[in-house]
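Coordinate-derived values only; no laboratory data. This is a predicted model, so every value here is computed, not measured.
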């Protein structure tokens with residue numbers, strides 16, 4: 001029996017590449033409206049797990065259930081149609097389009113009006129209204145007529161999330177939204193991520209500990225393709241196993257996180273919180 005609150009469930013997922021086990025018996029439940037972060041050092045298997053959830057890879061063993069339906073063998077586009085969407089970096093195809101054109105195209109496709117994408121936007125009130133709403137929500141209104149390839153990097157990342165939201169997902173896989181974003185553009189992005197609709201269940205994959213700790217109310221720690229532990233942020237911050245993975249022995253977390261190939265936290269607040277929590281728990 002599936003729990004009514006669980007919208008996405010990975011059950012005993014295994015992925016082997018030849019003799020290498022990249023994902024080892026992973027169980028993960030995403031609850032309705034969750035703000036759930038998937039963390040772990042580089043090489044922990046986060047990307048493989050996300051590729052299994054989205055259908056880019058097929059598991060060797062195990063199953064994936066979305067809102068009670070077994071989707072283990074569905075193609076990626078079929079999973080999108082059923083309400084699970086992943087943010088992707090914008091590819092070159094969209095570089096010459098403006099944010100307005102890109103969103104109009106995405107919304108049209110989602111509403112089943114893709115064949116009429118060439119019609120003037122004004123003729124399709126429903127599309128125009130939805131685009132206007134998304135542009136405002138993601139702070140893109142003032143750049144809506146600029147070509148995407150000239151946008152500031154932070155605005156491009158906002159557009160990527162807006163494209164995902166245009167598909168009206170019930171489950172959003174937010175893939176490293178602040179990676180590579182300059183410090184001056186981060187705040188707008190962080191605030192926008194924090195304000196995502198409450199009815200959308202979010203699985204965040206992120207190296208940036210500041211974002212993880214400010215956003216997530218639940219965390220899963222992946223190490224060597226298996227789940228090390230899961231819990232709320234305080235539990236994870238206090239967990240000696242987690243600290244050992246990130247810290248080695250006796251190192252400070254704020255120094256250790258970047259050494260895992262992650263983006264250094266801008267203010268270091270979460271990192272320092274974890275380090276100080278760790279220090280107080282030695283007694």
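Observations on the model:
- For region 61-106 and region 135-151, distance of Cα centres in Å: 21
- The three principal axes of the C-alpha atoms in region 94-230 carry coordinate ranges of 52, 32, 25 Å, sorted with the longest axis first.
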